[in-house]
Amino acid sequence: MARLKVAVLISGRGSNLQALIDACADPDFPAEIRLVISNEPAAPGLHRAESGGIPTAVIAHRDFAARDAFDHAIDRALAAAGIEFVCLAGFMRILGDAFVARWRDRLINIHPSLLPAFKGLHTHERALAAGVRFTGCTVHFVRPAMDDGPIIAQAAVPVFPDDDAQRLAERVLAAEHKIYPMVLRLFAEGRVKITSERVRITDFIPTAATCVLNPIL
Ligand code: GRF
(Lines give C-alpha, C1' and ligand atoms only; values in the text may rest on other atoms or scores of the structure.)
Protein backbone atom coordinates (compact mmCIF):
# COMPACT_ATOMS: atom_id res chain seq x y z
CA MET A 1 0.00 0.00 0.00
CA ALA A 2 1.42 3.42 -1.00
CA ARG A 3 1.13 5.83 1.91
CA LEU A 4 -0.06 9.38 1.34
CA LYS A 5 2.95 11.72 1.47
CA VAL A 6 2.14 14.47 3.93
CA ALA A 7 3.78 17.70 5.05
CA VAL A 8 2.86 19.43 8.30
CA LEU A 9 3.31 23.19 8.65
CA ILE A 10 3.82 24.52 12.17
CA SER A 11 4.80 27.68 14.02
CA GLY A 12 5.10 26.56 17.63
CA ARG A 13 4.52 23.82 20.17
CA GLY A 14 3.52 21.11 17.72
CA SER A 15 1.26 18.97 19.89
CA ASN A 16 -1.02 18.33 16.91
CA LEU A 17 2.05 17.48 14.87
CA GLN A 18 2.92 14.97 17.61
CA ALA A 19 -0.53 13.39 17.39
CA LEU A 20 -0.03 12.99 13.62
CA ILE A 21 3.50 11.60 14.09
CA ASP A 22 2.18 9.08 16.62
CA ALA A 23 -0.61 7.99 14.26
CA CYS A 24 1.81 7.60 11.34
CA ALA A 25 4.14 5.49 13.49
CA ASP A 26 1.70 2.63 12.97
CA PRO A 27 2.91 0.86 9.79
CA ASP A 28 -0.72 0.21 8.88
CA PHE A 29 -1.58 3.92 8.96
CA PRO A 30 -2.19 4.98 5.35
CA ALA A 31 -0.21 8.26 5.50
CA GLU A 32 3.37 9.23 6.33
CA ILE A 33 4.86 12.59 7.26
CA ARG A 34 7.66 13.31 4.81
CA LEU A 35 8.39 16.91 5.83
CA VAL A 36 7.75 19.37 8.65
CA ILE A 37 8.07 23.06 7.81
CA SER A 38 8.19 25.82 10.41
CA ASN A 39 8.18 29.55 9.76
CA GLU A 40 9.63 30.02 13.26
CA PRO A 41 13.23 28.83 13.69
CA ALA A 42 12.68 28.25 17.43
CA ALA A 43 9.43 26.29 17.15
CA PRO A 44 9.55 23.45 19.73
CA GLY A 45 7.63 21.31 17.26
CA LEU A 46 10.77 21.02 15.14
CA HIS A 47 12.32 18.86 17.86
CA ARG A 48 9.31 16.57 17.81
CA ALA A 49 9.86 16.06 14.07
CA GLU A 50 13.58 15.44 14.54
CA SER A 51 12.89 12.93 17.31
CA GLY A 52 10.53 11.18 14.94
CA GLY A 53 13.23 11.05 12.25
CA ILE A 54 11.25 13.38 9.98
CA PRO A 55 13.05 15.90 7.73
CA THR A 56 12.45 19.51 8.74
CA ALA A 57 12.79 22.84 6.99
CA VAL A 58 12.74 26.31 8.50
CA ILE A 59 11.28 28.82 6.07
CA ALA A 60 11.20 32.01 8.10
CA HIS A 61 8.68 34.55 6.85
CA ARG A 62 10.97 37.31 8.17
CA ASP A 63 13.53 36.37 5.51
CA PHE A 64 11.15 37.31 2.71
CA ALA A 65 10.21 40.80 1.60
CA ALA A 66 6.88 39.68 0.11
CA ARG A 67 4.39 37.01 1.03
CA ASP A 68 4.44 35.57 -2.47
CA ALA A 69 8.13 34.78 -2.18
CA PHE A 70 7.54 33.10 1.21
CA ASP A 71 4.69 31.04 -0.23
CA HIS A 72 6.85 30.05 -3.21
CA ALA A 73 9.64 28.88 -0.95
CA ILE A 74 7.18 26.65 0.89
CA ASP A 75 5.81 25.37 -2.39
CA ARG A 76 9.29 24.52 -3.65
CA ALA A 77 10.10 22.60 -0.47
CA LEU A 78 6.83 20.67 -0.77
CA ALA A 79 7.52 19.82 -4.41
CA ALA A 80 11.11 18.76 -3.67
CA ALA A 81 9.84 16.31 -1.03
CA GLY A 82 7.13 14.92 -3.34
CA ILE A 83 4.39 16.05 -0.97
CA GLU A 84 0.80 15.20 -1.90
CA PHE A 85 -1.11 16.62 1.03
CA VAL A 86 -0.56 19.42 3.56
CA CYS A 87 -1.78 19.74 7.16
CA LEU A 88 -1.57 23.10 8.91
CA ALA A 89 -1.07 22.51 12.63
CA GLY A 90 -0.75 25.75 14.54
CA PHE A 91 0.76 27.48 11.50
CA MET A 92 0.38 31.17 12.29
CA ARG A 93 0.85 32.73 8.85
CA ILE A 94 -1.86 33.40 6.31
CA LEU A 95 -1.04 31.68 3.02
CA GLY A 96 -1.71 33.68 -0.13
CA ASP A 97 -4.55 33.02 -2.55
CA ALA A 98 -2.28 31.54 -5.23
CA PHE A 99 -0.80 29.00 -2.80
CA VAL A 100 -4.24 28.12 -1.46
CA ALA A 101 -5.54 27.68 -5.02
CA ARG A 102 -2.61 25.46 -5.98
CA TRP A 103 -3.22 23.19 -2.99
CA ARG A 104 -7.00 23.38 -3.13
CA ASP A 105 -8.64 20.33 -1.53
CA ARG A 106 -5.18 19.03 -0.54
CA LEU A 107 -4.66 21.57 2.27
CA ILE A 108 -6.41 21.33 5.65
CA ASN A 109 -6.28 23.15 8.97
CA ILE A 110 -7.32 22.54 12.56
CA HIS A 111 -8.97 25.33 14.51
CA PRO A 112 -9.85 25.33 18.25
CA SER A 113 -13.54 26.20 18.01
CA LEU A 114 -16.70 24.86 16.48
CA LEU A 115 -16.54 26.87 13.25
CA PRO A 116 -18.06 29.07 12.03
CA ALA A 117 -18.13 30.32 15.63
CA PHE A 118 -15.01 32.04 16.98
CA LYS A 119 -12.76 32.38 13.97
CA GLY A 120 -9.38 33.93 14.69
CA LEU A 121 -7.44 34.07 17.94
CA HIS A 122 -8.40 33.73 21.65
CA THR A 123 -11.16 31.27 20.88
CA HIS A 124 -11.41 29.90 24.42
CA GLU A 125 -11.62 33.31 26.08
CA ARG A 126 -14.33 34.25 23.62
CA ALA A 127 -16.24 31.00 24.14
CA LEU A 128 -16.19 31.62 27.91
CA ALA A 129 -17.29 35.24 27.45
CA ALA A 130 -20.15 34.14 25.19
CA GLY A 131 -21.35 31.62 27.79
CA VAL A 132 -21.63 28.73 25.33
CA ARG A 133 -22.19 25.31 26.91
CA PHE A 134 -20.17 23.53 24.23
CA THR A 135 -17.12 24.45 22.25
CA GLY A 136 -14.63 22.24 20.45
CA CYS A 137 -12.47 22.02 17.38
CA THR A 138 -12.83 21.80 13.62
CA VAL A 139 -10.78 20.32 10.81
CA HIS A 140 -11.56 22.09 7.55
CA PHE A 141 -10.32 22.63 4.03
CA VAL A 142 -8.33 25.83 3.66
CA ARG A 143 -9.82 28.61 1.56
CA PRO A 144 -8.45 32.13 1.08
CA ALA A 145 -10.41 33.62 4.00
CA MET A 146 -9.02 32.84 7.46
CA ASP A 147 -10.59 29.89 9.31
CA ASP A 148 -13.02 29.48 6.45
CA GLY A 149 -13.61 26.48 4.21
CA PRO A 150 -15.65 23.30 4.07
CA ILE A 151 -15.85 21.49 7.39
CA ILE A 152 -14.55 17.92 7.44
CA ALA A 153 -14.88 16.96 11.12
CA GLN A 154 -15.66 18.53 14.46
CA ALA A 155 -15.39 17.44 18.08
CA ALA A 156 -17.54 19.07 20.74
CA VAL A 157 -16.44 19.43 24.36
CA PRO A 158 -18.51 20.78 27.25
CA VAL A 159 -17.73 24.07 28.96
CA PHE A 160 -17.96 23.78 32.75
CA PRO A 161 -18.84 26.56 35.20
CA ASP A 162 -15.41 26.93 36.76
CA ASP A 163 -13.44 26.65 33.53
CA ASP A 164 -10.81 29.19 32.70
CA ALA A 165 -9.34 29.56 29.22
CA GLN A 166 -6.42 27.28 30.02
CA ARG A 167 -8.54 24.41 31.34
CA LEU A 168 -10.85 24.74 28.39
CA ALA A 169 -7.92 24.84 25.97
CA GLU A 170 -6.58 21.58 27.44
CA ARG A 171 -9.94 19.86 27.02
CA VAL A 172 -10.26 21.08 23.43
CA LEU A 173 -6.64 20.17 22.65
CA ALA A 174 -7.22 16.57 23.75
CA ALA A 175 -10.08 16.46 21.24
CA GLU A 176 -7.88 18.02 18.53
CA HIS A 177 -5.39 15.21 18.99
CA LYS A 178 -8.15 12.70 18.28
CA ILE A 179 -9.78 14.25 15.24
CA TYR A 180 -6.71 15.41 13.30
CA PRO A 181 -5.25 11.90 12.86
CA MET A 182 -8.74 10.58 12.22
CA VAL A 183 -9.25 13.06 9.38
CA LEU A 184 -5.83 12.33 7.91
CA ARG A 185 -6.69 8.65 7.84
CA LEU A 186 -9.99 9.38 6.06
CA PHE A 187 -8.11 11.35 3.40
CA ALA A 188 -5.46 8.75 2.91
CA GLU A 189 -8.18 6.15 2.50
CA GLY A 190 -9.79 8.30 -0.21
CA ARG A 191 -12.97 8.66 1.80
CA VAL A 192 -13.29 12.46 1.86
CA LYS A 193 -15.35 13.77 -1.07
CA ILE A 194 -16.12 17.40 -1.70
CA THR A 195 -18.90 18.64 -3.94
CA SER A 196 -20.19 22.22 -4.11
CA GLU A 197 -18.15 23.05 -1.02
CA ARG A 198 -19.83 20.39 1.10
CA VAL A 199 -17.87 17.45 2.46
CA ARG A 200 -19.09 13.88 2.45
CA ILE A 201 -17.32 10.97 4.12
CA THR A 202 -17.88 7.73 2.27
CA ASP A 203 -18.43 4.32 3.90
CA PHE A 204 -19.53 6.02 7.05
CA ILE A 205 -22.33 4.68 9.16
CA PRO A 206 -23.70 7.29 11.57
CA THR A 207 -24.07 5.91 15.06
CA ALA A 208 -27.49 6.04 16.66
CA ALA A 209 -28.67 9.63 16.95
CA THR A 210 -27.75 11.05 20.30
CA CYS A 211 -28.38 14.29 22.05
CA VAL A 212 -25.56 15.56 24.23
CA LEU A 213 -26.60 17.71 27.16
CA ASN A 214 -24.68 20.21 29.25
CA PRO A 215 -25.67 20.72 32.00
CA ILE A 216 -27.18 17.35 32.79
CA LEU A 217 -29.82 17.75 35.49
C1 GRF B 1 -4.10 24.37 18.25
O2 GRF B 1 -5.02 24.74 19.23
C3 GRF B 1 -4.69 24.48 16.88
O4 GRF B 1 -6.06 24.20 16.85
C5 GRF B 1 -4.46 25.92 16.54
O6 GRF B 1 -3.21 26.23 17.08
C7 GRF B 1 -2.94 25.35 18.17
C8 GRF B 1 -1.64 24.67 17.84
O9 GRF B 1 -1.19 23.87 18.91
N10 GRF B 1 -4.57 26.15 15.11
P11 GRF B 1 -0.01 22.84 18.67
O12 GRF B 1 1.16 23.66 18.12
O13 GRF B 1 -0.47 21.82 17.69
O14 GRF B 1 0.30 22.27 20.01
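The values are calculated or read from the model by the stated rules, or taken from the named source; none is laboratory data. Just so it is clear, the structure is predicted and the values come from calculations on it, not from any experiment. Note that each Cβ is placed from the backbone with ideal geometry, even for glycine, and that neighbours are counted across all protein chains shown.
Just to be sure, is A19 within 16 Å of the ligand (Cβ to nearest atom) and in contact with a His (Cβ under 8 Å, 6 or more places away or on another chain)? If you could, list the steps in order and put the result at the bottom.
Details: within 16 Å of the ligand (Cβ to nearest atom): yes; in contact with a His (Cβ under 8 Å, 6 or more places away or on another chain): yes.
Taking the combined requirement at face value, the residue satisfies it.
Of all residues being charged (D, E, K, R) and touching a Leu at 6+ places or on another chain (Cβ under 8 Å) in segment 1-48, which is farthest from A174 (Cα to Cα)? Just the residue, please.
Step one: filter segment 1-48 for residues charged (D, E, K, R), giving 3, 5, 13, 22, 26, 28, 32, 34, 40, 48.
With the extra rule that they be touching a Leu at 6+ places or on another chain (Cβ under 8 Å), the set shrinks to 32, 48.
On the way: E32: 22, R48: 18 Å.
So, considering only residues that are charged (D, E, K, R) and touching a Leu at 6+ places or on another chain (Cβ under 8 Å), the one farthest from A174 (Cα to Cα) is E32.
Exactly one condition in (1) touching a residue at least 40 places away in the same chain (Cβ under 8 Å); (2) loosely packed, with under 14 Cβ neighbours inside 10 Å is false for G53; which is it?
Answer for G53: the failing condition is (1).
Just the residues that are more than 15 Å from the ligand (Cβ to nearest atom) and closer than 17 Å to H177 by Cβ, please, taken from segment 25-41. Spell out the reasoning first.
Keep residues of segment 25-41 that are more than 15 Å from the ligand (Cβ to nearest atom), which gives 25-32, 34-35, 41.
Correct list: A25, D26, F29, A31.
Among the listed residues R185, R143, R171, R198, which satisfies the condition of being at pLDDT 95 or above and over 22 Å from P116 (Cα atoms)? Before the answer, list the steps.
Numbers: R143 fails: over 22 Å from P116 (Cα atoms); R171 fails: over 22 Å from P116 (Cα atoms); R198 fails: over 22 Å from P116 (Cα atoms).
None of the others qualify; the one that does is R185.
In segment 190-217, what residues are within 15 Å of V132 (Cβ to Cβ) and in contact (Cβ under 8 Å) with a residue 60 or more places away in the chain?
Here is the first cut: in segment 190-217, the residues within 15 Å of V132 (Cβ to Cβ) are 212-215.
Passing the criteria: V212, N214, P215.
From I37, I33, grab the single residue that is in a strand (DSSP E or B) and in contact with a Cys (Cβ under 9 Å, 6 or more places away or on another chain).
Working: I37 fails: in contact with a Cys (Cβ under 9 Å, 6 or more places away or on another chain).
Just a single option satisfies the conditions, and that option is I33.
For segment 168-189, check the following and say yes or no: at least one residue is away from the ligand (no atom under 16 Å from the Cβ), touching a helix residue (DSSP H, G or I) at 6+ places or on another chain (Cβ under 7 Å), free of Cβ contacts under 8 Å to residues at least 60 places away in the same chain and under 24 Å from N16 (Cβ atoms).
No - not one qualifying residue is present in segment 168-189.
Exactly one condition in (1) touching a Gly at 6+ places or on another chain (Cβ under 6 Å); (2) at pLDDT 95 or above; (3) more than 14 Å from the ligand (Cβ to nearest atom) is not met by S11; state its number.
(3)
One line per residue, one yes/no per condition, for (1) crowded, with 22+ Cβ neighbours inside 10 Å; (2) touching a helix residue (DSSP H, G or I) at 6+ places or on another chain (Cβ under 9 Å):
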{"position": "F29", "(1), (2)": "no, yes"}
{"position": "A42", "(1), (2)": "no, no"}
{"position": "A73", "(1), (2)": "no, yes"}
{"position": "F85", "(1), (2)": "no, yes"}
{"position": "A117", "(1), (2)": "no, yes"}
{"position": "A129", "(1), (2)": "no, no"}
{"position": "T135", "(1), (2)": "yes, yes"}
{"position": "P144", "(1), (2)": "no, yes"}
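What single numbered condition from (1) within 14 Å of V183 (Cβ to Cβ); (2) out of contact with any Pro (no Cβ under 7 Å at 6 or more places or on another chain) fails to hold for R167?
Of the numbered conditions (1) within 14 Å of V183 (Cβ to Cβ); (2) out of contact with any Pro (no Cβ under 7 Å at 6 or more places or on another chain), the odd one out for R167 is (1).
If you go through segment 85-92 one residue at a time, do you hit one that is farther than 22 Å from S15 by Cβ and either among the hydrophobic types (A, V, I, L, M, F, W, C) or more than 15 Å from the chain's Cα centre (by Cα) (or both)?
Kept after step one, since they are farther than 22 Å from S15 by Cβ, are these residues of segment 85-92: none.
No, segment 85-92 has no match at all.
Take Q166 and decide whether it is polar (S, T, N, Q) and within 13 Å of the chain's Cα centre (by Cα). Steps first, please.
Values: polar (S, T, N, Q): yes; within 13 Å of the chain's Cα centre (by Cα): no.
No: the conditions fail for Q166.
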